[in-house]
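Worksheet: the structure to be examined is printed underneath.
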Amino acid sequence: MLDPHELYQLSDDLPDLGQPVLIQALTGFVDAGNATRLAREQLLTTLEARPIASFDVDQLFDYRSRRPVMTFVEDHWESYDAPTLDLHLLHDDDETPFLLLTGPEPDLQWERFVAAVAGLATRLDVRLTVGLNSIPMAVPHTRPTGVTAHATRRELIAGHEPWLQRVQVPGSVGHLLEFRLGEARRDALGFAAHVPHYVAQTEYPAAAEVLLTSVSRSTGLLLPTEELRTSAEAVRVEIDRQVAQTDDAAALVQALEEQYDAFARGRGEKNLLAAENGPLPTADELGAELERFLAEQSRPGDTPNG
């Protein structure tokens, strides 16, 4: 492996950080409802952020698979949206410093990148690393937004009940980072917000709110969520309005509610698709039907009344 420390440049005028928390919110992996992006933007726009380390994106990014945007005006190229991968220093509402890793998930050199982030965490005396994700689930928007928690030590997520038993999923750099930190006996955890299947392709701020709330509860950081809560209420009203327009859509949401409530009553089954009284429609069937309905209601050119 090439030297991980050569992947980044670290500022040499850092203040005393104590033992900060590091939140990683990279783009490129599953981000249902854009929850990770919304949470990241909430922190960067609400709190003052200062980049303290920059990674050499040219060694990590596949430009042909994720082509950056360039703007052409009349007869010249006006701008280039260059990808950046940075570690920011922020302070929460109580002025406690913490770190936020943002940028595109690396396409290349995963192990080297993970070693570089772990090395940075050691140099900056990071006490805990927290990853953010959001995943589509067979859950209704009319119930509290759930979250799956995972960690290198069970004690780090005390109070969170597992939603799944054993599954195999495509890997991500964020999850590999948590895994490698665990192998090194370093504390790390992650949260994946549950986004209703049928709004996974749109912004769902309720999931971003639950991500930041989960981070606050597990770390003690006071993170701002008021704007996300307000946005979530507005989105809930709009989804309710669209669903109420047809009996079929309302019936689909009701089926998801019954499925969710059955799971909540029999939590020991460890499977979100479990039902008490015989099989319910599958997540794909329910989600595809309702997603198609909502898409039909918001086609370009439609009037507010459809």
Helix 173-183 sits at what angle to the longest principal axis of the chain, using alpha carbons and giving 0 to 90 degrees rounded to 10? 70
Could you work out the Kirkwood radius for region 75-209, taking every pair of different alpha carbons, averaging 1/r and inverting it, reported in Å? 17.2
Rg from C-alpha atoms of the chain, normalised by the globular rule of thumb 2.2 N^0.38 Å, equals 1.08
Find which of VAL73, LEU101, LEU60 sits farthest along the positive direction of the dipole of region 54-117, computed with +1 on the beta-carbon of Lys and Arg, -1 on that of Asp and Glu, about the Cα centre. LEU60
Taking Cα atoms only, helix 35-46 is inclined relative to the longest principal axis of the chain by an angle, in degrees rounded to 10, of 50
State, to one decimal in nm, how far the label point of ASP13 lies from the label point of ALA49, with both points 7 Å from Cα in the Cβ direction. 2.1
Residue-normalised 222 nm signal for the chain, counting each DSSP H run of n ≥ 4 as -39,500 (n - 2.57), nearest 500 deg cm²/dmol, is -11000 deg cm²/dmol
Electrostatic dipole magnitude of region 129-266 [Cβ: Lys, Arg +1; Asp, Glu -1; Cα centre; debye, to 20]: 700
Placing unit charges on C-beta atoms (Lys and Arg positive, Asp and Glu negative, everything else neutral), compute the dipole magnitude of the chain about its Cα centre in debye, rounded to 20. 1060
D (µm²/s, integer) via Stokes-Einstein for region 37-126, Kirkwood Rh across alpha-carbon pairs, 37 °C, 0.692 mPa s: value 217
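FYI, it's all coordinate maths here, none of it is from the lab. Note that the coordinates shown come from a computational prediction; the quantities given were computed from them, not determined experimentally. Quick reminder, even Gly has a Cβ in these numbers, built from the backbone with ideal geometry, and neighbours come from all protein chains shown.
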